[in-house]
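The structure under discussion appears below in the form of structure tokens.
The values are calculated or read from the model by the stated rules, or taken from the named source; none is laboratory data. A quick note: this is a predicted structure, and the numbers were derived from the prediction, not measured. Backbone-built Cβ (ideal geometry, glycine too); neighbour counts: all protein chains shown.
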Amino acid sequence: MDFLVPLFVVVPLGGAFLIAIIGNLARGFGRYFTSIVFAFLTGLCIYFMLHLEGPVVFKVGGWELFESIPIAIYMVIDGLSIYLLLIINLIGFLSAFYSISYMKRYTAESHYYTLFCLMTAGMNGVVMSGDLFNIYVFLEIAAIASYALVAFEIEKEQLEASFKYQVLGGVSSLFILLSIGFLYWYTSTLNIADVSRMIVAGGKREVVIFTQVILLSGFGLKAAMIPFHAWLPDAHSSAPSPISSMLSGVLIKAIGAYVILRLFFNMFAITYNIGMVITVIGTLSMVIGVLLAIGQWDIKRLLAYHSISQMGYVILGVGIGMLVLANNGDRAVATLSIAGGLFHLFNHAVFKGLLFLNAGAVEYETGIRDMKKLGGLSAKMPVTTSTSLSASMSISGIPPFNGFFSKLIIIIAAIQAGYYVLSILAVFVSIITLASFLKVQRYTFFNRSGEEWEKRGKQVREVPFSMCFSMIVLAILCFVLSTLIVPSVRDVILTPAVDVLVKAGEYTTAVLGY
Amino acid sequence: MILFILAVFLFLIGVYGVVAKRNLIKIVIGIALMEYSVNLFLILVGYVKGGTAPILTEGMTKDLFVDPLPQAMVLTAIVIGLATTALLLAIAIRIYKKYGTFDIREIKNLKG
């Protein structure tokens, strides 16, 4: 099965080159080819998920261990990687399918699809990589493609947002490279499993702590955690809507949160201090993100601020798990907490992706993003309204939607671990989120006061088939993902991912094989 | 040791450029300086005192080599840095065409 591993990078990368070459000759090529690529990759993810027993390791170049030193670049697919790969390629497929209609009014369509494939190839690479420098290279592929996609409409706002994003993204990449340099200096290896072994064996704690701080600020910037969040609302609201849904739904998780989890659980030994830092950052993001969101009137900016807040939930859940593990507390509580965090990660990808697609549909028909000028769309756009309603209920945690269950699990875990203040904050943030999305629903779809689009004489009707299809599939997923709390479903999808983090020490042995 | 301190100095100059300067091009230069300092640091990590280039040739007498892996990393990092700098400058030129200025105080459409 290991020969299938490189396909996750090779197929989108090859797709990007093909679209760049053929797309200029045949205009519609990229439009359909991208969807086919991602449908194939999603199928491959499901195949891996059903057949995965222990990590699948692919050694690039076929170099075997030399005197028990790993020489080859390792590509590892374990429970956590395949979980992230499924999210990336599923949301990627739906966004690409949505783009078929949405991007028709843009020129340079084939460039868009080229960059789209490149960005996803980078994210897939980051998630599978078992090598520190390889993570950096793939991360830069994903990041550079996303800089260009943010500036895709090349108007004033987009250019400004892209420049801001690039400066902060460039600085964060340099922090990451610097910390990789430090780790190489300290351990003389780049393989994550090998580095982990060296750190456990080695002495000087100061070097490790210093590296951890630089790494956390670098990936915190990529994940837009609260002290580092300034670029996110601009960048995510300026991109074309399918890209916003990729950036908010997937990119900040794959190249930000995922790498934090992987490195701090599987590479460094879990310590109480780092667990505390991660929990505090998560809590701050959760609370401040939602407070910043509530005053927004631009629909996409509001959604972007909510991304910060919802990622706070993910980091909070995982951070509590880390604290419990570091204290040698009850492993069941740690498992529950980490499961809640990872479950919320998938849920956030689905409902935030859907909300951005809804915002794109509204913008596609009316050309307006200011909620004060919208209203009365519920009669004209029934599909958009109903899918948006289900996503809004999901994000604000109303049963039986998926967001309710993941938030509930995180809150129960926080109470069981004894962090009562955090659980109260989580409930409080959820209530403000509900208020904020009631505002979105009322002003965009139901209220009849604004209706600027009617004065402009726009003929508003339901969006074309491909956009409707993606939105309906995501809305159904908002329901279906609730079944992840059923044990038989959970054991296939969620439990392997949680096990990788809870049994953090086993990663090294499983990957190196000795 | 002195070289490490110089690399840190170069990094701090780059940070100063990004944080304090108001001209888009100077911000780009700041980022480029930071990148050079990180590359310099990586090269220094791999340096072995008295080492030669790690190429096996005939009649080799010395067996002390510098570490080639950081050099390979730096080559990759330089190529990536080229891509980011080129994209940053392209965006900066586009901004100049739209706004007619490089001053970030006058380029403030996004806020809140």
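Every residue, every condition in (1) over 30 Å from A:Val290 (Cα atoms); (2) over 23 Å from the mean Cα position of the chain (by Cα), yes or no:
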| residue | (1), (2) |
| --- | --- |
| B:Val19 | no, no |
| B:Gly51 | yes, yes |
| B:Val66 | yes, no |
| B:Leu69 | yes, no |
| B:Leu82 | yes, no |
| B:Leu87 | yes, no |
| B:Thr101 | yes, yes |
Over the range A:172-190, the set of residues crowded, with 22+ Cβ neighbours inside 10 Å and aliphatic (A, V, I, L, M) is A:Leu174, A:Ile176, A:Leu177, A:Ile180, A:Leu183, A:Leu190
| Test: A:Val259 is surrounded by fewer than 23 Cβ atoms within 10 Å (Cβ to Cβ), modelled with pLDDT of 90 or more and either of a type in the set (Val, Ile, Thr) or more than 24 Å from the chain's Cα centre (by Cα) (or both) | no
Every listed condition ((1) buried (at least 24 other Cβ atoms within 10 Å of the Cβ); (2) farther than 23 Å from A:Gly170 by Cα; (3) within 11 Å of another protein chain (Cβ to nearest Cβ)) holds for A:Ile71 save (1)
message = So for the range A:499-511 (the condition being without any contact (Cβ under 8 Å) to a residue 12 or more places away in the chain, out of contact with any Phe, Trp or Tyr (no Cβ under 7 Å at 6 or more places or on another chain) and of a type in the set (D, E, K, R)), does at least one residue qualify?
response = yes
Checked the range A:150-167 for anything within 7 Å of chain B (Cβ to nearest Cβ) and among the β-branched types (Val, Ile, Thr); matches are A:Ile154, A:Val167
Picking from A:Ala391, A:Ala359, the residue that is under 19 Å from A:Gly295 (Cα atoms), of a type outside the set (D, E, K, R) and in a helix (DSSP H, G or I) would be A:Ala359
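Check the range B:59-72 and report whether any residue there is assigned to a helix (DSSP H, G or I) and either more than 10 Å from chain A (Cβ to nearest Cβ) or in contact (Cβ under 8 Å) with a residue 60 or more places away in the chain (or both).
Yes: the range B:59-72 contains one or more residues that are assigned to a helix (DSSP H, G or I) and either more than 10 Å from chain A (Cβ to nearest Cβ) or in contact (Cβ under 8 Å) with a residue 60 or more places away in the chain (or both).
Condition check ((1) under 22 Å from A:Leu118 (Cα atoms); (2) over 22 Å from the mean Cα position of the chain (by Cα); (3) surrounded by fewer than 19 Cβ atoms within 10 Å (Cβ to Cβ); (4) aromatic (Phe, Trp, Tyr)) across all residues:
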{"position": "A:Met1", "(1), (2), (3), (4)": "no, yes, yes, no"}
{"position": "A:Pro6", "(1), (2), (3), (4)": "yes, no, yes, no"}
{"position": "A:Ala16", "(1), (2), (3), (4)": "yes, no, no, no"}
{"position": "A:Val37", "(1), (2), (3), (4)": "yes, no, no, no"}
{"position": "A:Val56", "(1), (2), (3), (4)": "no, yes, no, no"}
{"position": "A:Phe66", "(1), (2), (3), (4)": "no, yes, yes, yes"}
{"position": "A:Ile77", "(1), (2), (3), (4)": "yes, no, no, no"}
{"position": "A:Leu86", "(1), (2), (3), (4)": "yes, no, no, no"}
The one condition B:Thr52 fails out of (1) of a type in the set (Ser, Thr, Tyr); (2) facing chain A (nearest Cβ under 9 Å); (3) in contact (Cβ under 8 Å) with a residue 12 or more places away in the chain is (2)
Only unsatisfied item for A:Gln459, checking (1) free of Cβ contacts under 8 Å to residues at least 40 places away in the same chain; (2) closer than 30 Å to A:Thr384 by Cα; (3) in a helix (DSSP H, G or I); (4) not β-branched (Val, Ile, Thr), is (3)
If you go through A:Gly275, A:Gly249, the only one that is crowded, with 24+ Cβ neighbours inside 10 Å and assigned to a helix (DSSP H, G or I) is A:Gly249
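Quick check on the range B:51-65. Is at least one of its residues buried (at least 19 other Cβ atoms within 10 Å of the Cβ) and not basic (Lys, Arg)?
Residues of the range B:51-65 buried (at least 19 other Cβ atoms within 10 Å of the Cβ): none.
No, the range B:51-65 contains no residue that is buried (at least 19 other Cβ atoms within 10 Å of the Cβ) and not basic (Lys, Arg).
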Reported set for the range A:176-197 where residues are farther than 15 Å from B:Val74 by Cα and either assigned to a loop (DSSP other than H, G, I, E, B) or at the interface with chain B (Cβ under 8 Å from one of its Cβ atoms) (or both) is A:Ser188, A:Thr189
Output for Cβ contacts, cut-off 8 Å, separation at least six or different chains, first residue closer than 9 Å to A:Lys373 by Cβ and surrounded by 18 or more Cβ atoms within 10 Å (Cβ to Cβ) in the range A:442-453, second at pLDDT 70 or above and of a type in the set (Val, Ile, Thr), reads A:Trp453/A:Thr366; A:Trp453/A:Ile368; A:Trp453/A:Val460
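Of all residues being without any contact (Cβ under 8 Å) to a residue 40 or more places away in the chain and in contact with a helix residue (DSSP H, G or I) (Cβ under 9 Å, 6 or more places away or on another chain) in the range B:74-89, which is surrounded by the most Cβ atoms within 10 Å (Cβ to Cβ)? Just the residue, please.
B:Val74
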The lone condition A:Ser173 fails out of (1) more than 8 Å from chain B (Cβ to nearest Cβ); (2) of a type outside the set (A, V, I, L, M, F, W, C); (3) in a helix (DSSP H, G or I); (4) in contact (Cβ under 8 Å) with a residue 40 or more places away in the chain is (1)
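Condition test on A:Thr366, is it crowded, with 24+ Cβ neighbours inside 10 Å and over 27 Å from A:Phe228 (Cα atoms)?
Numbers: crowded, with 24+ Cβ neighbours inside 10 Å: no; over 27 Å from A:Phe228 (Cα atoms): yes.
Judged against the criteria, A:Thr366 is not a match.
Does B:Val15 satisfy the condition of being among the hydrophobic types (A, V, I, L, M, F, W, C) and surrounded by 14 or more Cβ atoms within 10 Å (Cβ to Cβ)? Walk me through it before giving the result.
Details: among the hydrophobic types (A, V, I, L, M, F, W, C): yes; surrounded by 14 or more Cβ atoms within 10 Å (Cβ to Cβ): yes.
Judged against the criteria, B:Val15 is a match.
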